[in-house]
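Okay, so here's the structure we're looking at.
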Amino acid sequence: MEKLKAVIIEDEELGRALVKKYADQTNTIEIIAECENGFEGAKAINDLHPDMVFLDIQMPKLNGFEMLELIDTSNRPEIIFTTAYNQYAIQAFELNAIDYLLKPFSKERFFEAVEKAVGKIKSKSQTPFETTVSKLAQQPLTETLERVVVKSNHKIHVIPASKIKYLEAQDDYVMIYTTEGKHLKQATMKYFEKHLDAEDFLRVHRSYIIRIDQVNQLEPYGKDSYVAKLKDGAIIKISKSGLKALKEKLNF
């Protein structure tokens, strides 16, 4: 049997070296790329089409779940997570990962994971990937969302939460307005409402979440209605409950 192609995505050199060492002792896989971060990893997967990936979760710039959102779904490799943190196991297996190797792991445990991956690849049984990854990537590794990752026009945008001015619901997507432009992301308002810092952001309408310090003034709009005028001139509809909550935040 021809060896299966594998990619290592791990920010620590010692971690990459250990996976490479164990992989070289198998008769079934060949490491074709080693990547230090999620951006390199996404490019390697999209360009090289590996059969399996050894993926760390906690990495700078992009975590493992965010990185998976950036790969072409047609290139869906089998995923073996390698991490020092056990709290992400549920998310990993919801993604239908082959295995979850908790560092430090033994050679025997590594071989067991590889054997599972080889069996899965041979059976060619695949599961729906795009929707699952999108949902998992929306689950931040910390309770408060510090950044948002958006892929558009073959570019990857990492948007710090501090640069978001407001968000607008658009069917199954959310338009994110920032200090540098706007980006459309497949996500829900409920997700952003839950995970953006409540000290800084407030959902003022079913279709809008605003950054509180962007509010310039509140103005009446028709009968019993108000809008918020933001510092950039944007006009945002406000519901009755949103108005009450916003006034409390602004100490009106």
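Taken together, the values in this text are just the output of simple stated rules run on the coordinates, not laboratory data. Owing to the predicted nature of the structure, the values given are computational and were not obtained by experimental measurement. All Cβ positions, glycine included, derive from the backbone under ideal geometry; neighbour counts span all protein chains shown.
A few notes on this one:
- The chain - charge dipole about Cα centre, Lys and Arg +1 at Cβ, Asp and Glu -1, debye rounded to 20: 960
- Taking 38, 64, 242 as the candidate residues, the one with maximal mean-square fluctuation in a Gaussian network model of the chain, Cα springs under 10 Å, is 242.
- Phi-based couplings in Hz for the stretch 46-56 (Karplus 6.51, -1.76, 1.60; Gly and Pro marked x): 5, 8, 9, 6, x, 7, 8, 9, 9, 10, 6
- Dipole size of the stretch 4-135 about its Cα centre, with +1 on Lys/Arg Cβ and -1 on Asp/Glu Cβ: approximately 380 debye, rounded to the nearest 20.
- Angle of helix 13-24 to the longest C-alpha principal axis of the chain, folded into 0 to 90 degrees and rounded to 10: 40°.
- At an R0 of 22 angstrom, the distance between the Cβ atoms of residue 172 and residue 206 translates into a FRET efficiency of 0.90.
- Working value for the chain: equivalent-ellipsoid semi-axes of 44, 16, 15 Å, each the square root of 5 times a Cα gyration tensor eigenvalue, largest first.
- Full extension of the chain segment joining residue 194 with residue 32 gains 54.3 nm, where the gain is 0.36 nm per residue of separation less the Cα-Cα distance.
- Ordering 147, 109, 206 from the fewest to the most neighbouring beta carbons within 10 Å gives 206, 109, 147.
- Note on residue 182: lysines with a C-alpha under 23 Å away, same-chain residues under 8 apart excluded, are 61, 135, 151, 155, 163, 165, 190, 194, 229, 231, 237.
- Backbone geometry of the stretch 193-203 corresponds, through the Karplus equation with coefficients 6.51, -1.76 and 1.60 at θ = phi - 60°, to 3J(HN,Hα) couplings of 4, 6, 9, 6, 4, 5, 6, 10, 10, 8, 7 Hz, x marking Gly and Pro.
- With at most 15 neighbouring Cβ atoms within 10 Å, loop GluC sites (Glu not before Pro) (DSSP) excluded, longest segment of the chain: 13-142
- Contour excess over end-to-end distance, with Cα ends at residue 3 and residue 223 and 0.36 nm allotted per residue: 72.2 nm
- Cα gyration tensor shape of the stretch 4-135, rounded if a/c is under 1.5, else prolate or oblate by comparing a/b with b/c: rounded
- Full-stretch length increase - residue 152, residue 182 - with 0.36 nm per residue and alpha-carbon distance subtracted: 9.7 nm
- The sum of -39500 (n - 2.57) across all DSSP H runs of n ≥ 4, divided by the residue count of the chain, sets its helix-only mean residue ellipticity at 222 nm to -9000 deg cm²/dmol.
- From the alpha carbon centroid of the stretch 36-87 to that of the stretch 178-252 is 35 Å.
- Antiparallel content of DSSP bridges confined to the chain, in %, to 5: 65
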